[in-house]
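The next block holds one structure in the form of structure tokens; read it before the comments.
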Amino acid sequence: QVQLVESGGGLVQAGGSLRLSCKASGSISSINAAGWYRQAPGKQRELVASISTGGSTRYADSVKGRVTISIDNAKNTVSLQMNSLSPEDTAVYYCNADLRRQRQVGVWNYWGQGTQVTVSS
């Protein structure tokens, strides 16, 4: 069964860093494109960062310069490096990816279960 599993969340002090990982497991051949989203209590889910098939990246204005998204297809992993964290970054972070599955045509979209990031002041 194909799935995305996030890890790396936790509690960190303001100014600290975290690296979130999203590992794709199952019969996949590659990660085509991916994004990280977050949802804070009482707020809508928002896009934090995305990376395209060609490696182009986009970032929300609120995280530009502090966050880097990357794909490692050798490890079937999407990562999100977050630096200079502030309490406003507190949220559940979700991975979303378009995956190419082995012996199947096209790409399939998956969501991870989310990982909590809490930044204390």
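Below, the figures for the structure above:
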{"item": "Fraction of alpha-carbon pairs over 16 Å apart in the stretch 42-108 - percent", "result": "54"}
{"item": "All lysines inside 18 Å of residue 75 as judged from Cα atoms, apart from same-chain residues fewer than 8 positions distant", "result": "23"}
{"item": "For the stretch 50-121, size of Cβ-based charge dipole, Lys and Arg +1, Asp and Glu -1, in debye", "result": "360"}
{"item": "Relative contact order %, the chain, counting alpha carbon pairs below 8 Å whose residues are six or more apart", "result": "36"}
{"item": "Top of 106, 42, 55 by mean-square fluctuation, Gaussian network on the chain, Cα under 10 Å", "result": "42"}
{"item": "Sequence of 70, 121 when ordered by accessible area, the most exposed leading, probe 1.4 angstrom", "result": "121, 70"}
{"item": "Rounded percent of accessible protein surface that carbon and sulfur make up, the chain, 1.4 Å probe", "result": "46"}
{"item": "For the chain, built as a Gaussian network whose Cα springs stay under 10 Å, the top-fluctuating residue of 78, 92, 105", "result": "105"}
{"item": "Residue 53 accessible area, 1.4 Å probe, all protein chains in place, Å² to nearest 10", "result": "100"}
{"item": "Test item: Cα-centred dipole of the chain, Lys/Arg +1 and Asp/Glu -1 on Cβ, debye", "result": "280"}
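The values are calculated or read from the model by the stated rules, or taken from the named source; none is laboratory data. A quick note: this is a predicted structure, and the numbers were derived from the prediction, not measured. Every residue, glycine as well, gets a Cβ built from its backbone with ideal geometry; the counts of neighbours run over all protein chains shown. Calculation scope for accessible area: heavy atoms of the full protein, side chains included, ligands and nucleic acids excluded. Shrake-Rupley method; radii C 1.70, N 1.55, O 1.52, S 1.80 Å.
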